[in-house]
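Read through the structure below, which is laid out as C-alpha cells, and then see the notes.
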Amino acid sequence: MLPDVSRDALKGWTIVVVDDDPGSLDVATMILEFYGATVHSAMNGQDGLALVKSVRPRFVISDLSMPMMDGWTMMDEIKQDAGVAEIPVIALTAHAMVGHRERAIAQGFHNYLTKPLTPETFIHDLLALLVDIPVLAVALK
C-alpha cells in the first residue's frame, strides 16, 4: 500500500512535460495537475526547449526518444543556456536498457523514470526522485 500524498503536494509548481507519446503525456499531465501543478506540455524536444525557456518551470520531465529534437539534445541545449541550465530535468523512457540511467545522469539529467507511467505509482516514484534534488526537496517540505 502506497502512502497518501497530499492533493496540494505540487500546488504552485510549474512543470514542463515533454513526450511524443500522447498516452504518457496525458497520464503525466493528469496526475501532476491532480496534485496541484500547472503543467505545460510539448510533443518534441524543440517545442519542449521553447517552453522551458518561456515558462521557467520548477522541473522538467522529458522523454529521451522523440522526433525533431530528442531528449538528449534538448538536455544539451538546456545545459548550454545559463538562463535555464539549473532547472532539474528528469529523463523518461520506455527503453530501460542497461546503462541508460547512468548515461542520462552523466549527461546532466537529475534522475530517470521508466514507462509505462501508471497512475498508481507515478506520483510516488516522482516524489522519491524529487527529494534527492536539494532545491526541490526544500520546496516539498
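For the reader, a short list of remarks on this structure follows.
- Thr29 satisfies every condition listed in (1) modelled with pLDDT of 95 or more; (2) β-branched (Val, Ile, Thr); (3) more than 18 Å from Arg7 (Cα to Cα); (4) within 12 Å of the chain's Cα centre (by Cα) except (3).
- Val135 meets each of the listed conditions (1) surrounded by 19 or more Cβ atoms within 10 Å (Cβ to Cβ); (2) modelled with pLDDT under 85 apart from (1).
- Pairs with Cβ under 7 Å, 6+ apart, first in the range 101-117 and closer than 15 Å to Val18 by Cβ, second in a loop (DSSP other than H, G, I, E, B): His110/Pro88; His110/Ile133; Lys115/Ala94
- Enumeration of residues in the range 36-76 that are hydroxyl-bearing (Ser, Thr, Tyr), at pLDDT 95 or above and either surrounded by fewer than 17 Cβ atoms within 10 Å (Cβ to Cβ) or under 14 Å from His110 (Cβ atoms) (or both): Thr38, Ser54, Ser62, Thr73
- Inclusion of Ser54 among residues that are closer than 17 Å to Leu113 by Cα and of a type in the set (S, T, N, Q) is not warranted.
- Among residues that are touching a strand residue (DSSP E or B) at 6+ places or on another chain (Cβ under 7 Å) and more than 20 Å from Thr29 (Cβ to Cβ), Ala82 is not included.
- Among residues of the range 1-33 being polar (S, T, N, Q) and surrounded by 14 or more Cβ atoms within 10 Å (Cβ to Cβ), the one that is nearest to Pro116 (Cα to Cα) is Ser24.
- Test: Glu77 is out of contact with any strand residue (DSSP E or B) (no Cβ under 8 Å at 6 or more places or on another chain) and among the charged types (D, E, K, R): yes
The values are calculated or read from the model by the stated rules, or taken from the named source; none is laboratory data. Note that the coordinates shown come from a computational prediction; the quantities given were computed from them, not determined experimentally. No Cβ is skipped: glycine too gets one built from the backbone with ideal geometry, and neighbour counts run over all protein chains shown.
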